1. Arrange the following residues from fewest to most other Cβ atoms within 10 Å of their Cβ: 350, 263, 208.
2. State, as an integer percentage, the relative contact order of segment 162-225 based on alpha-carbon contacts under 8 Å between residues 6 or more apart.
3. What is the calculated FRET efficiency for residue 273 to residue 226, with r their C-beta to C-beta distance and R₀ = 25 Å, to the nearest 0.05?
4. Report, in debye and to the nearest 20, how large the dipole of segment 187-287 comes out about its Cα centre when Lys and Arg carry +1 and Asp and Glu carry -1 on their Cβ.
5. Relative contact order for segment 48-150: what is it in percent, counting Cα pairs under 8 Å that are at least 6 residues apart?
6. May I ask you to sort 351, 315, 306 by Cβ crowding, counting other Cβ atoms within 10 Å and putting the fewest first?
7. Could you list 75, 284 so that the one with the fewest beta carbons within 10 Å of its beta carbon is first and the one with the most is last?
8. Among 240, 345, 300, which residue has its Cα furthest toward the positive end of the charge dipole of segment 229-362, with +1 on Lys/Arg Cβ and -1 on Asp/Glu Cβ?
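Just so you know, all these numbers are worked out from the coordinates, no wet-lab data involved. This is a predicted model, so every value here is computed, not measured. Quick reminder, even Gly has a Cβ in these numbers, built from the backbone with ideal geometry, and neighbours come from all protein chains shown.
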Amino acid sequence: MDLDAPGCPDAPAVNDETTRPIAGPRALPAGSAGAAQPPVPVLAPGTDGQLTADLLARVGDYARAARSTATWRAYDSDLRQFRAWCERQTVPLCPLPATPATVAGYLATLADAGYKPSTIRRRLAAISVSHQLGRHPNPASAPEVCAVWDGIRRTRGVRPNRKAALDTSLLARVVAGLRDDDLADVRDRALLLIGFAGCLRRSELVGLDVADLLETPDGVVLTIRASKTDQEAAGALVGVAYGSYRPTCPVRAWRAWVDAAALTDGPAFRAVNRHGQVAPGRLYPGSVARIVQRRVAAAGLDPADFAGHSLRSGFATAAARAGVADRSIMRQGRWRSSASLDGYVRAGRLFDRDNPSGRVGL
């Protein structure tokens, strides 16, 4: 069974890197990223055959590893919201185990309050997982809950509100304002161009180490050790070719940053303070969005229109506009299906040579 699915069609995929961790039965080692904990069922020693306390704890550890830290953080935030809503009702409702009527009412309340369908279905997934891991009947799979969710989708629509794509022309405009004698500018040029040409997610970009970028005569080979769609860390190699123009060449920009920051190992992209000192630790995923917004604002663009994902969507849009085959774009961005890619490439091909509006004699 897929525990990410609440039991209804089009179950949500959770990828929220900003919410708080879930409280679990056993803390992760000190210093571990996020120390996020799922609500893994806890059994007393000796109550389940011959399992010892240590073995039961390891069961919990592996159950936590089934999902990313970001997923558990999102689930925790969503479950706290659900519990708070249950407590606010005239007659307080039980959040676990919850009845199908309780969950259906909660979804209707969220929809009436104007929450996006993507947020609603993520909260439905959190409720579903908490019941499944708690060995309770799953109310999210009940017919009345599925019917309410389907009605919300039809009424509210499910189209995400994507930020603008930072395509090649806009990116060239942004990096043109960066200086060669400012260390933060040198870093940002490398970060923006590598992130764009590699079609990287923000977590993949900041997760790179210096050793993960191998320079070759053809360009730079990126080793992506784990990603949103590679939770088992099988890894992937991504090639970034030399650019035709020196100011926008990602390979030359990377080499300039390595030389200027004297990098030999460790995180590839790091903080730079106002005194021009490079920090030892890596940037956070949210830092990519802030860098993008700061740099597009300096180029005269509205920062509210852009985010960290604008680099990835910008590459897909620009590649589609240049006539690159979908299969090649999917390979570079590591999309698993053409349906996932379609929203990006459609915008890049609105005015290709097959557009009929320019061929009807107007």
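1. With the fewest neighbours first, 350, 263, 208 line up as 350, 263, 208.
2. RCO, segment 162-225: 16 percent.
3. 0.30
4. Dipole size: approximately 440 debye.
5. 28 percent
6. Ranking 351, 315, 306 by Cβ neighbours within 10 Å, fewest first, gives 351, 306, 315.
7. 284, 75
8. It is 300, whose Cα lies furthest towards the positive end.
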